[in-house]
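The values are calculated or read from the model by the stated rules, or taken from the named source; none is laboratory data. For clarity, every value in this text was computed on a predicted model and none was experimentally measured. Every residue, glycine among them, receives a Cβ derived from its backbone with ideal geometry; neighbour counts consider all protein chains shown. Protein only, heavy atoms only, side chains kept; ligands, DNA and RNA dropped before computing areas. Shrake-Rupley method; radii C 1.70, N 1.55, O 1.52, S 1.80 Å.
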Amino acid sequence: FLRAHIARLGYLPTFAIMDAADSQALVREILTEKGLDITHYRPSALQGRISRIKNDFVTPEEAKNQAASFYEKVVADLYAAYQAKLKSNNSLDFDDLLLLSATLLEQDAEVREAAQQRYRYLLIDEYQDTNQVQYRLALAIAGEHRNICATGDPDQSIYRWRGADINNILNFERDFPGAATVKLEENFRSTKVILQAASSLI
């Protein structure tokens, strides 16, 4: 998808994809250029923070505007520099593969309409574990034809630390009014005692 359309965002279709080690190395390079101590500002932690910001669909400009503490301002500044270096090197990290796809679909009506025609049916498993980027991808693709089937359980949302947003599944019926809801309430793997205990904890 990105090879076909990314030129619209100012990248070449021959972009390289950086793995986690490459991303951390780039963060380390930026920290060194800015004279920041890598023992205080750990590249792995900062790369993880940047990843989380991207998964929340926050741009570098928005991150700067939202920064409330000194540390958040440093992170926002690093994020902006990180994205600028990626683009100047015609490179993407793993998060960009989804983030830039969602950006294209939201900003470019021609690309969005073509995707909606190509992907007529959308099936998403574990919908409670989707993040903002994945959520907006789903809305952009299925928003017009509304042929979407999502499975999930709000009581099993355990990936908030990874950017999952439980509101995505809670708002599914609002986003797709008229959707049929099928509850699968029979459990074949646990005894009644276990289910009662789990239900009371939930």
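By how many nm would the segment from residue 42 to residue 158 lengthen if fully extended, with 0.36 nm per residue of separation less the alpha-carbon distance? The partial results should precede the final answer.
Working: separation 116, 0.36 × 116 = 41.76 nm, distance 2.58 nm.
The residue 42-residue 158 span can extend by a further 39.2 nm.
Taking a spot 7 Å from the Cα of residue 122 along the direction of its beta carbon, which residues of segment 57-94 have an amide N less than 16 Å from it?
Counting only backbone N, you get 57.
Which far-off residues, 5 or more places away or on another chain, put their amide H under 5 Å from the one on residue 92, with H placed in the peptide plane?
16, 17, 18
Might you tell me the accessible area per residue for the chain, computed with a 1.4 Å probe and given in Å²? Walk me through the intermediate numbers first.
Details: 12380 Å² over 202 residues.
Each residue of the chain exposes 61 Å² on average to a 1.4 Å probe.
Report, in deg cm²/dmol and to the nearest 500, the calculated mean residue ellipticity at 222 nm for the chain, where each DSSP H run with n ≥ 4 adds -39500 (n - 2.57) and the sum is divided by the residue count.
Working: 11 runs with 110 residues, N = 202.
Theoretical 222 nm ellipticity from helices: -16000 deg cm²/dmol.
Charges only on Cβ, +1 for Lys and Arg, -1 for Asp and Glu: so what's the dipole of segment 123-202 about the Cα centre, in debye to the nearest 20? Numbers along the way, then the final one.
Working: 8 positive and 11 negative charges, 22 e Å.
Dipole magnitude for segment 123-202 comes out near 100 debye.
Ratio of segment 1-155's C-alpha Rg to 2.2 N^0.38 Å, to two decimals? Mind showing how you got there, number by number?
Details: Rg = 17.1 Å, N = 155, 2.2 N^0.38 = 15.0 Å.
For segment 1-155, the normalised Cα radius of gyration comes out at 1.14.
Can you tell me, using C-alpha contacts under 8 Å and at least 6 residues apart, the relative contact order of the chain as a whole percent?
On the way: 209 pairs, mean separation 38.1, N = 202.
Relative contact order here is 19 percent.
Size of the dipole of the chain about the Cα centre, Lys and Arg at +1 and Asp and Glu at -1 on the beta carbon, nothing else charged, in debye to 20?
Values: 23 positive and 28 negative charges, 27 e Å.
Rounded to the nearest 20 debye, it is 140 debye.
Please report how many Lys pairs in the chain have alpha carbons closer than 23 angstrom, counting only residues at least 8 apart along the chain or sitting on separate chains.
Going through the chain pair by pair, I get 15.
Normalised by the empirical 2.2 N^0.38 Å for globular proteins, what value does the Cα Rg of segment 96-170 take? Working shown, then result.
Numbers: Rg = 12.6 Å, N = 75, 2.2 N^0.38 = 11.3 Å.
Cα-based Rg divided by the globular estimate yields 1.11.
Which one, 67, 143, 191, is farthest towards the positive end of the dipole of the chain when Lys and Arg carry +1 and Asp and Glu -1 on their Cβ?
67
Using a 10 angstrom cutoff on alpha carbons, build the Gaussian network for the chain and name the most mobile of 38, 17, 166.
38
Tell me, what % of the accessible area of the chain is carbon and sulfur with a 1.4 angstrom probe? Each step should come with its number before you reach the end.
Numbers: 6450 of 12380 Å².
In the chain, the share of accessible area belonging to carbon and sulfur is 52 percent.
Give me the net charge for the shell around residue 64: Cβ to Cβ below 10 angstrom, other residues only, Lys and Arg +1, Asp and Glu -1.
Working: positive: 73; negative: 61, 62, 72, 77.
Neighbourhood net charge equals -3.
Taking segment 72-202 on its own, what percent of its Cα-Cα pair distances exceed 24 Å? If you can, show how the numbers build up before the last one.
Values: 3887 of 8515 pairs.
Pairs farther apart than 24 Å: 46 percent.
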